[in-house]
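Here the structure is laid out as structure tokens; the discussion comes afterwards.
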Amino acid sequence: MKIPFVDLKSQYLSIQPAIDEAIKSVITDTAFIGGKYVNEFKNEFQSAYGARHCVPVANGTDAIYISMKMLNIGPGDEVITTASSWISTSETISQTGAKPVFVDIDPKYYTLNHELLEKAITPRTKAIIPVHLYGQMCDIEAIKSICEKHGLHLIEDCAQSHFSELNGVKAGLTGITSTFSFYPGKNLGAYGDAGCILTNDDSLAEKMTMYANHGALKKHEHFIEGINSRLDGLQAAILTAKLPYINEWTDARISHASSYDNKLRGVGDLKLPVVRPGSKHSFHLYVIKTSLRDKLKKYLGQNGVETAIHYPVALPLMEAYKYLGYSKEDFPVASAHQDEILSLPMYPELDDDKITFISDTIKSFYEANLAG
Ligand SMILES: *Cc1c(COP(=O)(O)O)cnc(C)c1O
């Protein structure tokens, strides 16, 4: 058996007529930039969330940058984020001219450890960007209270947490803005780059909409200088075609996660994902931990199971942030985490035979390893 880490082809085949029709309509209507398909997705996504505004943008990275830029974050400011994420979360802070400040992760849930936040806040701090990592929500209520106490903006990076929930509130409805990526491998994925921002703030929504489109709301009426960060019609139409399936797909991920849990509990030295009480984890990734990570990854690969690491180097320890002068001791949890994590195949179209095969392969690894 050969099991890929993600399988975008089988998802396409499962809804092929709807996708093909969506693509054909955009081309027939030549609605490539802006227009009805982008508006339709904007309306569908904001109503699926119950948010006042959805601002479609070109990708999830721009969504974070545009949020900060329109909140007037820039040179001289500091923005706090988590030590464990994709680099978009921190590189966008630097893009505004502000300084990224990293906080270690929680040892149990792997999201930003809010208990360390207040120590990182200075008079220059303007915002906090927590990431709902792997589909697991942060303790967003606790983070919100800290933001309110210190007068900081809260921007939720929801690139990995489409329709995750905590205490019945969806990820993305607590911050002043929340940012989504529709990169093909994300839980809701386009067929290219795509993203959006949710907000309930009318004037901020208008500013972000302008900024993403050269500072204009109407052609040739540029109120400010902006950037070109538009969601295109093809991606919008594909996303609208996929949106009706998102709950079904999320439920499938949750069910696969529980199959993995059942089959892998107690195996070797494995640490399985722990779901925060009261939350709906959308399992963008199913991440296990083991002290034998590199050996296990190699063994799985030799047996046809593709895995990945999210992420092999914690952000503050990357070459890009060497100038900040951090060391491993500054982030004891994130730096141990990076060496032990392994992401197993996870996508809605995975089935129990594959999960059994993967789990059995992992068991045989430990048997061989203990024997040897
Ligand atoms: C994917 C991702 C992004 C960036 O999204 P793109 O659409 O690829 O620009 C931002 N933050 C996190 C946590 C991500 O996983």
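Structure above, values below:
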{"read-out": "Extreme residue, positive dipole direction of the chain, given options A205, A241, Y366 (C-beta unit charges)", "value": "Y366"}
{"read-out": "Summed side-chain charge close to L270 - residues other than L270 whose Cβ falls under 12 Å, Lys, Arg +1, Asp, Glu -1", "value": "+3"}
{"read-out": "Partner lysines for K218 [C-alpha distance under 21 Å; skip if fewer than 8 residues away on the same chain]", "value": "K36, K42, K69, K207"}
{"read-out": "Å² of accessible area per residue within segment 1-133, as computed with a 1.4 Å probe and no ligands counted", "value": "43 Å²"}
{"read-out": "Sorted peptide list for 335-342, 120-127, 235-242, criterion being average Cβ within 10 angstrom, highest first", "value": "235-242, 335-342, 120-127"}
{"read-out": "Apportionment of accessible area to carbon and sulfur, segment 236-366, percent (1.4 Å)", "value": "51 percent"}
{"read-out": "The chain: antiparallel DSSP beta bridges as a percent of all, rounded to 5", "value": "60 percent"}
{"read-out": "Surface share of carbon and sulfur [accessible, 1.4 angstrom probe, percent] for segment 113-211", "value": "48 percent"}
{"read-out": "22 Å Cα-Cα reach of K354 towards lysines, excluding residues that sit fewer than 8 places from it in its own chain", "value": "K2, K9, K186, K263, K271, K289, K295, K297, K298, K363"}
{"read-out": "The chain, helix-only ellipticity at 222 nm - DSSP H runs n ≥ 4, -39,500 (n - 2.57), divided by all residues, nearest 500", "value": "-12000 deg cm²/dmol"}
{"read-out": "Debye, to nearest 20: dipole size of the chain, +1 on Lys, Arg Cβ, -1 on Asp, Glu Cβ", "value": "200 debye"}
{"read-out": "All lysines inside 16 Å of K149 as judged from Cα atoms, apart from same-chain residues fewer than 8 positions distant", "value": "K119, K126"}
{"read-out": "GNM result for the chain, Cα springs below 10 Å: residue of K24, K69, K186 fluctuating most strongly", "value": "K24"}
{"read-out": "For segment 24-79, with +1 on Lys and Arg beta carbons and -1 on Asp and Glu, the positive-most of P75, N39, A51 along the dipole", "value": "N39"}
{"read-out": "Qualifying GluC sites (Glu not before Pro) for segment 187-257 [loop in DSSP, other Cβ within 10 Å: at most 12]", "value": "E225"}
{"read-out": "The chain: most fluctuating residue of S14, S25, S67 per GNM, C-alpha cutoff 10 Å", "value": "S14"}
{"read-out": "Local net charge near S14, Cβ-Cβ under 15 Å (Lys/Arg +1, Asp/Glu -1)", "value": "-4"}
{"read-out": "Additional length obtainable on full extension of the chain from E319 to Q302, 0.36 nm per residue less Cα span", "value": "3.1 nm"}
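The values are calculated or read from the model by the stated rules, or taken from the named source; none is laboratory data. It should be emphasised that the depicted structure is a prediction, and the values quoted were computed from it without experimental measurement. So basically every Cβ, Gly included, is an ideal-geometry build from the backbone, and we count neighbours across all protein chains shown. Side chains included, ligands, DNA and RNA excluded: accessible areas come from the protein's heavy atoms. Shrake-Rupley method; radii C 1.70, N 1.55, O 1.52, S 1.80 Å.
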